[in-house]
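Colleague: Sending over a structure as C-alpha coordinates; questions will come in a sec.
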Amino acid sequence: MMHDKGLVIVLSGFSGAGKGTIMKHLLEAHPTDYNLSISATTREMRAGEKDGREYFFKTKEEFDKMIENDELLEYATFNGNFYGTPKAYVEQLIEHKKDVILEIETHGALKVKEMFPDALLLFTMPPSAAELKNRLVGRGTETEEVIAQRLAISNKEADIMEKYDYLIVNDTLEKAVDQVHNIIQAEHFKVSRNSTAIKEMKEQLKIFERSN
Ligand code: ADP
Ligand code: 5GP
(Lines give C-alpha, C1' and ligand atoms only; values in the text may rest on other atoms or scores of the structure.)
(Ligands and ions follow the chains in the order given, each with its own letter.)
Protein backbone atom coordinates (compact mmCIF):
# COMPACT_ATOMS: atom_id res chain seq x y z
CA MET A 1 0.00 0.00 0.00
CA MET A 2 1.29 3.44 -0.91
CA HIS A 3 0.93 5.75 2.10
CA ASP A 4 -0.08 9.39 1.59
CA LYS A 5 3.26 10.86 2.63
CA GLY A 6 6.59 10.15 4.28
CA LEU A 7 6.74 10.82 8.00
CA VAL A 8 8.56 13.65 9.72
CA ILE A 9 9.77 11.95 12.89
CA VAL A 10 11.31 13.77 15.83
CA LEU A 11 13.38 11.93 18.42
CA SER A 12 14.17 13.88 21.57
CA GLY A 13 15.44 12.83 24.96
CA PHE A 14 17.67 13.86 27.82
CA SER A 15 21.34 14.27 27.07
CA GLY A 16 22.87 10.83 27.64
CA ALA A 17 19.55 8.96 27.24
CA GLY A 18 20.92 7.20 24.17
CA LYS A 19 19.36 9.05 21.21
CA GLY A 20 22.49 8.94 19.09
CA THR A 21 23.09 5.27 19.91
CA ILE A 22 19.49 4.32 19.09
CA MET A 23 19.67 6.21 15.78
CA LYS A 24 22.92 4.57 14.78
CA HIS A 25 21.51 1.09 15.40
CA LEU A 26 18.15 1.89 13.78
CA LEU A 27 19.87 3.05 10.60
CA GLU A 28 22.17 0.04 10.57
CA ALA A 29 19.22 -2.34 10.98
CA HIS A 30 16.96 -0.56 8.46
CA PRO A 31 19.20 1.38 6.10
CA THR A 32 16.61 1.82 3.38
CA ASP A 33 13.67 2.77 5.62
CA TYR A 34 14.97 5.91 7.27
CA ASN A 35 16.90 9.09 6.56
CA LEU A 36 18.50 10.97 9.40
CA SER A 37 18.73 14.74 9.19
CA ILE A 38 22.22 15.94 10.11
CA SER A 39 22.11 19.15 12.10
CA ALA A 40 24.45 22.11 12.11
CA THR A 41 25.98 23.05 15.43
CA THR A 42 28.43 25.49 16.97
CA ARG A 43 29.46 23.08 19.73
CA GLU A 44 32.94 21.60 19.72
CA MET A 45 33.50 18.30 18.02
CA ARG A 46 33.85 15.37 20.43
CA ALA A 47 36.55 12.74 20.08
CA GLY A 48 35.23 10.14 17.65
CA GLU A 49 32.86 12.53 15.88
CA LYS A 50 33.26 13.43 12.22
CA ASP A 51 32.18 16.61 10.43
CA GLY A 52 29.21 15.78 8.20
CA ARG A 53 28.41 12.52 10.03
CA GLU A 54 27.20 13.45 13.55
CA TYR A 55 26.89 17.16 12.74
CA PHE A 56 28.00 19.87 10.37
CA PHE A 57 30.33 21.71 12.73
CA LYS A 58 30.11 25.48 12.24
CA THR A 59 31.56 28.64 13.70
CA LYS A 60 29.06 31.07 15.21
CA GLU A 61 29.54 33.30 12.14
CA GLU A 62 28.81 30.45 9.75
CA PHE A 63 25.76 29.48 11.80
CA ASP A 64 24.50 33.09 11.77
CA LYS A 65 24.87 33.11 7.99
CA MET A 66 22.73 29.97 7.75
CA ILE A 67 20.02 31.70 9.80
CA GLU A 68 20.30 34.86 7.68
CA ASN A 69 20.02 32.87 4.44
CA ASP A 70 16.94 31.03 5.77
CA GLU A 71 18.76 27.70 5.45
CA LEU A 72 17.46 26.30 8.74
CA LEU A 73 14.06 24.75 9.33
CA GLU A 74 14.42 25.43 13.05
CA TYR A 75 17.21 26.17 15.46
CA ALA A 76 17.68 26.44 19.21
CA THR A 77 20.37 26.91 21.81
CA PHE A 78 21.35 24.11 24.16
CA ASN A 79 23.75 24.76 27.01
CA GLY A 80 25.27 27.78 25.25
CA ASN A 81 25.65 26.28 21.77
CA PHE A 82 23.49 26.63 18.67
CA TYR A 83 21.91 23.65 16.92
CA GLY A 84 19.76 23.77 13.77
CA THR A 85 18.12 21.55 11.17
CA PRO A 86 19.16 22.23 7.55
CA LYS A 87 15.98 22.90 5.61
CA ALA A 88 16.86 21.65 2.11
CA TYR A 89 17.45 17.99 3.03
CA VAL A 90 14.18 17.67 4.97
CA GLU A 91 12.17 19.36 2.22
CA GLN A 92 13.70 17.12 -0.41
CA LEU A 93 12.76 13.97 1.52
CA ILE A 94 9.23 15.18 2.16
CA GLU A 95 8.83 15.85 -1.55
CA HIS A 96 9.90 12.26 -2.30
CA LYS A 97 7.55 10.82 0.36
CA LYS A 98 10.47 9.47 2.41
CA ASP A 99 10.66 9.21 6.19
CA VAL A 100 13.03 11.67 7.80
CA ILE A 101 14.17 11.61 11.43
CA LEU A 102 15.24 14.73 13.29
CA GLU A 103 17.18 14.06 16.48
CA ILE A 104 16.60 17.41 18.21
CA GLU A 105 15.86 18.94 21.60
CA THR A 106 12.42 19.83 22.94
CA HIS A 107 12.04 23.48 21.79
CA GLY A 108 12.98 22.56 18.24
CA ALA A 109 10.60 19.59 18.43
CA LEU A 110 7.67 21.85 19.28
CA LYS A 111 8.56 24.19 16.42
CA VAL A 112 8.60 21.23 14.02
CA LYS A 113 5.19 20.14 15.34
CA GLU A 114 3.86 23.64 14.56
CA MET A 115 5.26 23.48 11.03
CA PHE A 116 4.20 19.87 10.43
CA PRO A 117 1.17 19.09 12.63
CA ASP A 118 1.24 15.43 11.61
CA ALA A 119 4.90 14.99 12.64
CA LEU A 120 5.47 12.00 14.94
CA LEU A 121 7.12 13.01 18.22
CA LEU A 122 9.11 10.37 20.11
CA PHE A 123 10.77 10.93 23.45
CA THR A 124 13.36 8.62 24.91
CA MET A 125 14.56 8.35 28.49
CA PRO A 126 16.73 5.93 30.46
CA PRO A 127 15.17 3.67 33.12
CA SER A 128 16.20 6.04 35.93
CA ALA A 129 17.77 9.43 36.60
CA ALA A 130 20.76 7.71 38.23
CA GLU A 131 21.30 5.71 35.04
CA LEU A 132 21.15 8.94 33.03
CA LYS A 133 24.04 10.33 35.05
CA ASN A 134 25.94 7.02 34.74
CA ARG A 135 25.62 7.14 30.97
CA LEU A 136 26.73 10.75 30.69
CA VAL A 137 29.72 10.10 32.94
CA GLY A 138 30.46 6.78 31.20
CA ARG A 139 30.43 8.41 27.76
CA GLY A 140 33.42 10.43 28.91
CA THR A 141 32.91 13.28 26.45
CA GLU A 142 31.99 16.11 28.81
CA THR A 143 33.53 17.65 31.91
CA GLU A 144 31.88 17.20 35.30
CA GLU A 145 30.65 20.80 35.06
CA VAL A 146 29.01 20.29 31.65
CA ILE A 147 27.48 17.00 32.83
CA ALA A 148 25.89 18.85 35.77
CA GLN A 149 24.57 21.52 33.38
CA ARG A 150 23.12 18.90 31.03
CA LEU A 151 21.43 17.06 33.92
CA ALA A 152 19.88 20.36 35.05
CA ILE A 153 18.53 20.88 31.52
CA SER A 154 16.97 17.37 31.69
CA ASN A 155 15.07 18.43 34.78
CA LYS A 156 13.51 21.27 32.74
CA GLU A 157 12.94 19.18 29.60
CA ALA A 158 10.94 16.65 31.62
CA ASP A 159 8.08 19.20 31.72
CA ILE A 160 7.71 18.98 27.93
CA MET A 161 7.60 15.17 27.72
CA GLU A 162 3.79 15.08 27.83
CA LYS A 163 3.62 16.95 24.53
CA TYR A 164 5.15 13.96 22.74
CA ASP A 165 3.25 11.10 21.10
CA TYR A 166 5.30 8.13 22.35
CA LEU A 167 7.72 7.43 25.19
CA ILE A 168 10.54 4.94 24.70
CA VAL A 169 12.44 3.75 27.75
CA ASN A 170 15.94 2.98 26.57
CA ASP A 171 16.76 0.16 28.98
CA THR A 172 17.94 -2.63 26.68
CA LEU A 173 19.25 -0.98 23.53
CA GLU A 174 17.93 -3.62 21.10
CA LYS A 175 14.44 -3.36 22.58
CA ALA A 176 14.45 0.42 22.32
CA VAL A 177 15.56 0.26 18.67
CA ASP A 178 12.79 -2.25 17.88
CA GLN A 179 10.23 -0.10 19.65
CA VAL A 180 11.19 2.99 17.67
CA HIS A 181 11.00 0.99 14.43
CA ASN A 182 7.65 -0.63 15.32
CA ILE A 183 6.06 2.64 16.38
CA ILE A 184 7.08 4.35 13.15
CA GLN A 185 5.90 1.45 10.99
CA ALA A 186 2.53 1.24 12.79
CA GLU A 187 2.11 4.99 12.44
CA HIS A 188 2.18 4.63 8.66
CA PHE A 189 -0.96 2.48 8.78
CA LYS A 190 -3.12 5.04 10.57
CA VAL A 191 -6.34 5.58 8.61
CA SER A 192 -5.69 9.32 8.68
CA ARG A 193 -2.37 8.79 6.86
CA ASN A 194 -3.88 6.67 4.07
CA SER A 195 -6.60 8.79 2.48
CA THR A 196 -5.32 8.09 -1.05
CA ALA A 197 -5.59 4.28 -0.68
CA ILE A 198 -9.06 4.66 0.84
CA LYS A 199 -10.20 6.96 -1.96
CA GLU A 200 -8.89 4.59 -4.62
CA MET A 201 -10.63 1.58 -3.06
CA LYS A 202 -13.90 3.52 -2.86
CA GLU A 203 -13.59 4.40 -6.56
CA GLN A 204 -12.96 0.75 -7.51
CA LEU A 205 -15.89 -0.51 -5.41
CA LYS A 206 -18.29 1.72 -7.31
CA ILE A 207 -18.51 -0.88 -10.12
CA PHE A 208 -20.38 -3.16 -7.69
CA GLU A 209 -22.96 -0.53 -6.94
CA ARG A 210 -26.58 -1.68 -7.39
CA SER A 211 -29.60 0.46 -7.75
CA ASN A 212 -31.83 -1.71 -5.47
P1 ADP B 1 22.46 10.98 23.62
O2 ADP B 1 22.67 10.97 22.12
O3 ADP B 1 21.02 10.84 23.97
O4 ADP B 1 23.10 12.13 24.32
P5 ADP B 1 24.25 8.65 23.57
O6 ADP B 1 23.67 7.88 22.45
O7 ADP B 1 25.53 9.38 23.34
O8 ADP B 1 23.14 9.66 24.20
O9 ADP B 1 24.41 7.64 24.80
C10 ADP B 1 25.00 8.05 26.02
C11 ADP B 1 25.86 6.91 26.58
O12 ADP B 1 25.01 5.85 27.01
C13 ADP B 1 26.82 6.33 25.56
O14 ADP B 1 28.04 6.03 26.20
C15 ADP B 1 26.10 5.05 25.08
O16 ADP B 1 27.01 4.05 24.67
C17 ADP B 1 25.35 4.62 26.34
N18 ADP B 1 24.07 3.92 26.08
C19 ADP B 1 23.14 4.22 25.14
N20 ADP B 1 22.09 3.36 25.22
C21 ADP B 1 22.37 2.52 26.23
C22 ADP B 1 21.67 1.39 26.81
N23 ADP B 1 20.48 0.98 26.36
N24 ADP B 1 22.25 0.77 27.86
C25 ADP B 1 23.45 1.17 28.34
N26 ADP B 1 24.16 2.21 27.84
C27 ADP B 1 23.63 2.87 26.80
P1 5GP C 1 24.65 17.11 21.80
O2 5GP C 1 25.55 18.28 22.12
O3 5GP C 1 24.51 16.17 22.96
O4 5GP C 1 25.00 16.41 20.52
O5 5GP C 1 23.19 17.72 21.55
C6 5GP C 1 22.58 18.54 22.51
C7 5GP C 1 21.08 18.64 22.25
O8 5GP C 1 20.87 19.34 21.02
C9 5GP C 1 20.39 17.28 22.11
O10 5GP C 1 19.17 17.34 22.82
C11 5GP C 1 20.14 17.17 20.63
O12 5GP C 1 19.02 16.39 20.33
C13 5GP C 1 19.88 18.63 20.29
N14 5GP C 1 20.00 18.94 18.86
C15 5GP C 1 20.83 18.39 17.95
N16 5GP C 1 20.63 18.92 16.75
C17 5GP C 1 19.61 19.80 16.87
C18 5GP C 1 18.91 20.65 15.94
O19 5GP C 1 19.17 20.71 14.74
N20 5GP C 1 17.93 21.44 16.46
C21 5GP C 1 17.58 21.41 17.77
N22 5GP C 1 16.58 22.21 18.17
N23 5GP C 1 18.22 20.61 18.66
C24 5GP C 1 19.22 19.83 18.22
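Colleague: List the pairs whose first member sits in region 200-212 and is more than 24 Å from residue 4 (Cα to Cα), whose second member is of a type outside the set (A, V, I, L, M) and open to solvent by 100 Å² or more (accessible area, probe 1.4 Å), and whose Cβ atoms are under 9 Å apart, counting only residues at least 6 apart or on separate chains?
Modeller: Short answer, once both residue conditions are applied: none.
Colleague: Another question, if that's okay. When only residues in region 78-120 that are open to solvent by 60 Å² or more (accessible area, probe 1.4 Å) and in a loop (DSSP other than H, G, I, E, B) count, which is farthest from residue 181 (Cα to Cα)?
Modeller: Looking at the filtered set, the residue picked out is 80.
Colleague: I would also like to ask the following. Residue 124: open to solvent by 20 Å² or more (accessible area, probe 1.4 Å), β-branched (Val, Ile, Thr) and on the phi < 0 side of the Ramachandran plot, yes or no?
Modeller: It is false that residue 124 is open to solvent by 20 Å² or more (accessible area, probe 1.4 Å), β-branched (Val, Ile, Thr) and on the phi < 0 side of the Ramachandran plot.
Colleague: Working only within region 22-38, note down all residues that are more than 17 Å from residue 94 (Cα to Cα) and either crowded, with 17+ Cβ neighbours inside 10 Å or near ligand 2 (Cβ under 9 Å from one of its atoms) (or both).
Modeller: Selection gives 22, 23, 25, 26.
Colleague: State the number of residues belonging to region 1-56 that are closer than 27 Å to residue 155 by Cβ, among the small types (Gly, Ala, Ser) and part of a helix (DSSP H, G or I).
Modeller: Looking only at that region, the number is 1.
Colleague: If residue 59 satisfies all but one of (1) more than 9 Å from ligand 2 (Cβ to nearest atom); (2) polar (S, T, N, Q); (3) in contact (Cβ under 8 Å) with a residue 24 or more places away in the chain, what's the number of the condition it fails?
Modeller: Against the list (1) more than 9 Å from ligand 2 (Cβ to nearest atom); (2) polar (S, T, N, Q); (3) in contact (Cβ under 8 Å) with a residue 24 or more places away in the chain, residue 59 comes up short only on (3).
Colleague: Given (1) open to solvent by less than 40 Å² (accessible area, probe 1.4 Å); (2) over 17 Å from the mean Cα position of the chain (by Cα); (3) on the phi > 0 side of the Ramachandran plot, identify the lone condition not met by residue 18.
Modeller: (2)
Colleague: Out of region 142-159, which residues are part of a loop (DSSP other than H, G, I, E, B) and surrounded by 14 or more Cβ atoms within 10 Å (Cβ to Cβ)?
Modeller: 142
Colleague: In addition: Filter region 160-202 for residues that are more than 14 Å from ligand 1 (Cβ to nearest atom) and basic (Lys, Arg); which is surrounded by the fewest Cβ atoms within 10 Å (Cβ to Cβ)?
Modeller: Looking at the filtered set, the residue picked out is 202.
Colleague: Quick one: which of 34, 55 is more than 30 Å from residue 192 (Cβ to Cβ) and either among the polar types (S, T, N, Q) or at pLDDT 95 or above (or both)?
Modeller: The conditions single out 55.
Colleague: Return the total of residues in region 11-50 being polar (S, T, N, Q) and under 21 Å from residue 99 (Cβ atoms).
Modeller: Residues in region 11-50 being polar (S, T, N, Q) and under 21 Å from residue 99 (Cβ atoms): 6 in total.
Colleague: Being open to solvent by 40 Å² or more (accessible area, probe 1.4 Å), closer than 16 Å to residue 102 by Cα, of a type in the set (Lys, Arg) and more than 13 Å from the chain's Cα centre (by Cα) is the requirement here; does residue 53 meet it?
Modeller: Yes; evaluated as a whole, the condition is true for this residue.
Colleague: Residue check: is residue 130 open to solvent by less than 60 Å² (accessible area, probe 1.4 Å) and either more than 16 Å from ligand 2 (Cβ to nearest atom) or assigned to a helix (DSSP H, G or I) (or both)?
Modeller: On the way: open to solvent by less than 60 Å² (accessible area, probe 1.4 Å): no; either more than 16 Å from ligand 2 (Cβ to nearest atom) or assigned to a helix (DSSP H, G or I) (or both): yes.
The answer is no for residue 130.
The values are calculated or read from the model by the stated rules, or taken from the named source; none is laboratory data. Just so you know, these numbers come straight off a predicted model, no measurement behind them. With ideal geometry, Cβ positions are generated from the backbone for all residues, glycine too; neighbour counts draw on all protein chains shown. Heavy atoms of the whole protein, side chains included, go into the accessibility calculation; ligands, DNA and RNA do not. Shrake-Rupley method; radii C 1.70, N 1.55, O 1.52, S 1.80 Å.
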